[in-house]
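Written below as structure tokens is the structure these notes are about.
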Amino acid sequence: MQQRFLSIWFRHLYANWCCRKNPALSSLPLVIAEPQQGRMVIVAVSAVASEQGIAENMTVADARVLCPALHVHDFRPELPQQLLTALGKWCIGFTPVTAIDPPNGLMLDISGCPHLWRGEGNYLKTIVTRLSHLGYDVRAAIAGTPATAWAVARFGQTTPIIPQEQQLQALLPLPPAALQLEQPVLDKMLKLGMYQVGSFIHMPRPVLRRRFGEHLLLRIDQALGYKPDPLLPLIPPNPWSERLPCIQPIVTAKGIEIAIQHLLERICHRLQHEGKGLRTATLKAWRADGQIRQISIGTSRPVSAIQHLFRLFELKIDTLEPGEGIERFVMEAPTVEDLPPAQECLWGGTGASAGQHLAELVDKLTGKLGINNVRRFLPQEHHWPERAVKKACSLNELPASTWNPQKRRPVFLLPTPEKIEVAAPVPDYPPMHFRYNNQLHKIKKADGPERIEREWWLEEGPHRDYYTVEDDQGNRYWLFRSGYYSAGKPHSWFIHGFFA
Amino acid sequence: MKAEIIARLQREILPLQGFKPAQEPAIDMGWNELNNAFPNATFPLGAVHEFLSNTSEQAAATAGFVSGITGHLMARGGACLWLTSSRNVFPPALSNFGIDPHRVIFVHPRNENECHWAMEEALKTEGLAAVIASCSNISLTASRRLQLAVEQSGNTGFLLRHQPAGLNPVATIARWRISPLATQTDYNLPGVGFPRWNVELLKIRNGKPGTWQLEWTATGFRNIPSQPQAISVQQPWWQQQKTG
């Protein structure tokens, strides 16, 4: 398919915005200035001001000589970028791929779009008219490459729509600046009397390279479409997206179920075709009152089975408020991964499908209870109990180090150690008795101490001396004393766990 | 001879009474005397077991006992699902009970209804070695649903009821209470020995309830005689120091 690009040039972007905010300014000469080296220098002008001969890079004092009734506004450096981003998103109504082209332009990839507006002429006219209605002074052009569209939008004198085969002819009468060259190159060209692209574009390439550098050749190639000139879209297109418009607004759960089934069938068919599976999926519902509602699911491994995904969505249908009815559904899969070859090394189990069943169960639980409420742990090489385990990211992740069954550890570990009252012989003996939850435990047997140091490269603080103790009832606890014993200082004892 | 005939007759009676033995081969847990309490003298798999506990220490002992059984079950492969609303189970400790802690999936339901739902879904899933759920209260209806789920899939479930509001009838195959016992080291050396429990089997369908003392050693369960041998209980050495 032929690629077509539309370049939009906002001639007075900042001033137009000020006039939109305050319509009283529109007939007055307006400049936007910022302090540079102790002077107020103009960075943007309005159409009225530029008619009076005021240009950018003048100082405000000079401009006031030309036009005493000048209005000066302060420059906000972040505003042009914000304005362009907002305008770029507005343009998504015309084409899905829009990019901003700083400092004052937009670049749209319109391939395959203009026929919906009955041709490129009408398309261009619609965009320009609607931007003018918003109060922006714009020029736009359509061409086969972004660079040519850019040049024609800013310097073109005749037609703004350049057919694919006439790009070279369109570029010939334009000034060298139309190729977006660096200032030293432009100065040199001016000195040599090259006022038009046509006067050097047919020169032999080695000559151009020697005199003006590689960049000029690159710009020429990009303008003529020999080299790629990629756009950075504002909203990256998602290839895994399906939409379903509804003839009548949908309000019933059954209707939503049918819609999900339809969308999943389409998206899963494509996924299966390419040997991929999705990890996350979002269903967006455009309601009749203009609001968007969405539900998301995640899976523990790449999935392309319709039935499984449908069950995950089914759990969340009741959270999707249809309001006055849903007009359009869009299913997106932001995370898509290659389907792994079937492997059952971790979960073993009976039958080859054990891992599959388990993955489906985990997805179902995660969908209902939330991602933080379904966890699996892997060992971490830390002795400090709070850091002994880490969360596994996926169902197939294997431990990098081994569990150490030699160390005696409590079955229940308190999330934070709780302070206890203890009577213990000094300095290093296990306690004789301790009081926890208002109950006195007399200790009969004890093991320890097992000193665990806080890792100084992670955090600072005292070490812990852990004791495994058993009281006269046969109950077993994990106690520790924080830090060294020192006379006269109250030493702090904690209970940290219960042994089986 | 007579005992043999009685055992054979019992095996025939059990299916007539509606007892369905699990399909998979029985597992030897190493607790010889305890096996006599169970129907067919095998630990009933493919069923839901109920465990009661009142104190945190009993709950920890129960978790240890259940982990020991689960370790035997997981030796044959498969995952374990542990449902608990409090996040206090410490995975590294499970490796002491023969479980690979990374093969345990911890699920934290936010209320009891979610716990029942999650346990039922897990019990329906094929290929799980065991499902452990800490859930204080359960109604007879909810427990029947669990029973139906295990009958379909053959999974084994452990329902740990900590401080239940009341002991309502529940459709489980067995009701246990595990409490910690004082440990004993070899040769009466000082220190804490292997975990030791008083195992009370309060109810068992088609079996004989009773009380046993078990110990979890490095190799598995070990039955200890209910009458402790006359061992001179030594005072801890620091107390001897004080008195002496």
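The values are calculated or read from the model by the stated rules, or taken from the named source; none is laboratory data. These numbers were taken from a predicted model, which means no experiment stands behind them. Counting neighbours? That spans all protein chains shown, and the Cβs are built from the backbone with ideal geometry, glycine included. Please note that ligands, DNA and RNA were not included when accessible areas were found on the heavy atoms of the full protein model with its side chains. Shrake-Rupley method; radii C 1.70, N 1.55, O 1.52, S 1.80 Å.
Of the beta bridges in chain B, as assigned by DSSP with both residues counted there, near 45 percent are antiparallel.
Of all DSSP-defined beta bridges confined to the stretch A:5-155, some 85% are antiparallel rather than parallel. The Cα trace of the stretch A:126-244 gives Rg and Dmax of 17.0, 60 Å, the first to one decimal, the second as a whole number.
For the stretch A:396-443, a decrease in accessible area of 40 Å² or greater in the assembled protein chains relative to the isolated chain, with a 1.4 Å probe, applies to A:TRP403, A:PRO405, A:ARG408, A:ARG409, A:VAL411, A:PHE412, A:LEU413, A:TYR429, A:MET432.
For the residues of B:99-105, the average number of beta carbons from a partner chain within 10 Å of their own beta carbon is 6.
Each pair of Cα atoms in the stretch A:200-277 enters the Kirkwood radius, and Stokes-Einstein at 37 °C and 0.692 mPa s then converts it into a translational diffusion coefficient of 186 µm²/s. Computing Rg and the Kirkwood Rh from the Cα coordinates of the stretch B:147-210 gives a ratio, Rg/Rh, of 1.12. Here the calculated FRET efficiency for A:VAL65 and A:GLN164, from their Cβ-Cβ distance with R0 = 60 Å, stands at 0.75, rounded to the nearest 0.05. Place a point 7 Å from the Cα of B:ALA165 along the Cα-to-Cβ direction; which residues of the stretch B:99-116 have their backbone N under 20 Å from it? Within reach of a label on B:ALA165, which here means backbone N under 20 Å from a point 7 Å along Cα→Cβ, the stretch B:99-116 contributes B:109-116. The value for the protein assembly as shown of Rg(Cα) / (2.2 N^0.38 Å) is 1.41. The label-point distance for B:THR185 and A:ASN372, in a model that sets each label 7 Å from Cα toward Cβ, rounds to 4.3 nm. Exceedance of the 30 Å cut-off in Cα-Cα distance is limited, within the set A:LYS391/A:LYS489; A:LYS254/A:LYS368; B:LYS2/B:LYS203, to A:LYS391/A:LYS489.
Label sites at A:GLU321 and A:GLU386, each approximated as a point 7 angstrom past Cα along Cα to Cβ, lie 4.0 nm apart.
For the stretch A:30-95, DSSP calls about 65 percent of its internal beta bridges antiparallel. Counting every C-alpha pair in the stretch A:1-146, the share spaced more than 25 angstrom apart comes to 35%. Among the trypsin sites (Lys or Arg not before Pro) within the stretch B:92-149, those in coil by DSSP and having at most 16 neighbouring Cβ atoms inside 10 Å are B:ARG110. Based on Cα atoms of the stretch A:241-338, Rg over Rh with Rh as the Kirkwood radius reads 0.97. 3J(HN,Hα) along the stretch B:42-50, derived from phi through the Karplus expression 6.51 cos²θ - 1.76 cosθ + 1.60 where θ = phi - 60°, amounts to 10, 4, x, 9, x, 8, 9, 9, 10 Hz, with x in place of Gly and Pro. In this structure, A:TRP456 and A:HIS269 have a Cβ-Cβ separation that, at R0 = 45 Å, corresponds to a calculated FRET efficiency of about 0.20.
Cross-linked pairs A:LYS276/B:LYS124; A:LYS390/A:LYS442; A:LYS364/A:LYS390: Cα-Cα separations exceed 24 Å for A:LYS276/B:LYS124; A:LYS390/A:LYS442.
Enter the angle in degrees (range 0 to 90, nearest 10) between the Cα long axis of helix B:140-153 and the first principal axis of the Cα atoms of chain B, meaning the one along which they spread out most. For helix B:140-153, the angle is close to 80 degrees.
Packing order of peptides A:396-408, A:284-296, B:152-164, highest average first: B:152-164, A:284-296, A:396-408 (average count of other Cβ atoms within 10 Å over each peptide's residues). Dimensions of the stretch A:416-480 along the principal axes, based on C-alpha atoms and rounded to the nearest Å, stand at 41, 21, 20, largest first. Here the accessible area is traced with a 1.4 Å probe on the protein chains. For the stretch A:14-108, carbon and sulfur cover 55 percent of it.
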